[in-house]
Amino acid sequence: MNKVMTMLAASISLVLASCGQGDILFADNAVINLSPVDGNPSAGYMDLHGGRVNVSLVGVTSDDVLRMEMHETTETNGMASMAKLKSIPVPAGKTVKLEPGGKHLMIWGVGEGAQKRGLLTMTLIYSNDDRIEINAAIKKVGDAAPAAE
Ligand SMILES: [Cu+2]
């Protein structure tokens, strides 16, 4: 019995290891649309990929910005409005898109260094205490869309 269990456990971990990114909590396609107007917030978008368990994104931080919030745009009677979100659920194995007209990041004061590099490094903080650092491509209005990685 013990031997069977051990073999079973070994084969399960092998399956998980070979599943690749499907099991891993990560984010990609991160883009910041830099506001052309000084003082106005910029918007951030990305794809949040769920891991093996349900979690929530509970915060996003960056050393290179003044302030960053999670928002959701909703439309009521043809009027678009934004509300601040405390968290964004990321179900296991699912992809949640932060995109124009939906959930997004609102970013104030993107630093000049980050603007020169064209990249903003930010840390995603999840409800299970996972922290993931990602680089978002900073796009100025009028720039071509960044090439896919
Ligand atoms: Cu917003």
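Tabulated values for the structure
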{"item": "Per-residue ³J(HN,Hα) for the range 126-137, Karplus 6.51 cos²θ - 1.76 cosθ + 1.60, θ = phi - 60°, Hz, x for Gly and Pro", "result": "9, 5, 8, 6, 5, 10, 10, 9, 9, 10, 9, 6"}
{"item": "Charge-dipole axis of the range 67-149 as Lys and Arg at +1 and Asp and Glu at -1 on Cβ define it, positive-most pick from Ala137, Ala114, Ser81", "result": "Ala114"}
{"item": "Spacing of the two label points (7 Å from each Cα toward its C-beta) at Asn135 and Val37, in nm", "result": "3.2"}
{"item": "Descending principal axes extents, the range 24-140, alpha-carbon based, whole Å", "result": "40, 39, 20"}
{"item": "Anchor Lys140: aspartates and glutamates whose Cα lies under 16 Å away (excluding residues fewer than 8 positions away in-chain)", "result": "Asp38, Glu112"}
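Bear in mind that the values in this text are calculations on the coordinates, not laboratory data. All figures in this text were calculated on a predicted structure; none of them were measured in a lab. Note: ideal-geometry Cβ built from the backbone for every residue, glycine included; neighbour counts use all protein chains shown.
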